[in-house]
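The values are calculated or read from the model by the stated rules, or taken from the named source; none is laboratory data. In this text the structure is predicted, and so the values were computed from the model without any measurement. Methodologically, a virtual Cβ is constructed for each residue, glycine included, from the backbone with ideal geometry; neighbour enumeration extends over all protein chains shown.
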Amino acid sequence: MSSQTGVTPSLRFGQVVIGPPGSGKTTYCQGMQEFLTRMGRKVVVVNMDPANEHLPYSCAVDISELVTLDDVMEGLKLGPNGGLLYCMEYVEANLDWLENKLKQHSDCYFLFDCPGQVELYTHQSSVKNIFSQLAKWNFRLTAVHLVDSHYCADPAKFISVLCTSLSTMLHVELPHVNILSKMDLIEQYGKLAFNLDFYTEVMDLTYLLDHLAADPFFKKFHRLNVKLAEVIQDYSLVSFVPLNVQDRESMIQVLRAVDKANGYCFGDLEERNLQAMMSAAVGADFQFDSTLGVQERYVETSGKTVEEEMLDL
């Protein structure tokens, strides 16, 4: 271990990409790797998912060389959920293997493609302990939490996403950027009830509760929903950055938020824009214009006046 040799490793920056299954983590890693490479950053992608067999990106460190989900399920007669929990506990017990692999890549920017099992980030401690050890090895990481943007079209699912995001932020204990992924599919399963900034900035959730109360099924759970909304708003931690991996401007907005969160934008590893640095330093990086641009691209406008929309609500 580095701490035993007495040599402090150089500062390394990166992202741990987390989120539910199918939220686009691997696609994000592939897109971000290509994007950062074009910017001139030397990028290393680390596959931390023992169930990820077909990788679309060039992978410098692959956890499947240490343990795979199929081997664990077959050898220990576990299901996919229990097998994945065991795999991450096995990685935690063999961190010296991971450290030796990461040592081979100095002066790089790291992308950690993590498993998609939600309980790994809400109450199971193995992944959290791995992230803590990475910090001790002088990694400065941002947790990039991806969720499907089409959940915004369903008030019940959006509140569930908010609860999961908040629980993950509190448990993982890393600088956090929440991402609404697949913005080009945001209205695939229904229309948005409000403007996009209502969801990205997580505004007054009482309006969503009114929508839920109109549904006979959720009406009997109104008091529970009110309490959940109060918890989310009392912490006031959750907000989202919209993302379409194929859109350059969208990738820039995400990277700007990530670099601000892990401190990369304050370093000297590449040429900096003074205005961008000062904006991050004073917290004046307003997202309204960029969110409005995303809404114009991906959200279909109704053509109704404000008064007509209020009457519909």
Close pairs from segment 38-61: first within 15 Å of residue 87 (Cβ to Cβ) and in contact (Cβ under 8 Å) with a residue 24 or more places away in the chain, partner part of a loop (DSSP other than H, G, I, E, B) and of a type in the set (Val, Ile, Thr), Cβ under 7 Å, at least 6 apart: 50/67; 50/68
First in segment 230-259 and over 21 Å from residue 195 (Cα atoms) and at pLDDT below 95, second anywhere and assigned to a helix (DSSP H, G or I) and among the small types (Gly, Ala, Ser), Cβ under 6 Å, 6 or more apart: 245/31
Failed item, numbered, when residue 109 is tested on (1) crowded, with 19+ Cβ neighbours inside 10 Å; (2) within 26 Å of residue 164 (Cβ to Cβ); (3) touching a residue at least 40 places away in the same chain (Cβ under 8 Å): (2)
Residues within segment 168-204 that are touching a residue at least 60 places away in the same chain (Cβ under 8 Å) and small (Gly, Ala, Ser), tallied: 2
Some residue of segment 64-82 being touching an Asp or Glu at 6+ places or on another chain (Cβ under 8 Å), in a helix (DSSP H, G or I) and touching a residue at least 40 places away in the same chain (Cβ under 8 Å): no
Condition broken by residue 57, with the remaining ones in (1) modelled with pLDDT of 90 or more; (2) of a type outside the set (D, E, K, R); (3) surrounded by fewer than 21 Cβ atoms within 10 Å (Cβ to Cβ) satisfied: (1)
Some residue of segment 3-19 being in contact with a strand residue (DSSP E or B) (Cβ under 7 Å, 6 or more places away or on another chain) and farther than 25 Å from residue 147 by Cα: yes
Leading residue by the ranking (modelled with the lowest pLDDT) among those in segment 99-127 that are under 15 Å from residue 61 (Cα atoms) and out of contact with any strand residue (DSSP E or B) (no Cβ under 7 Å at 6 or more places or on another chain): 106
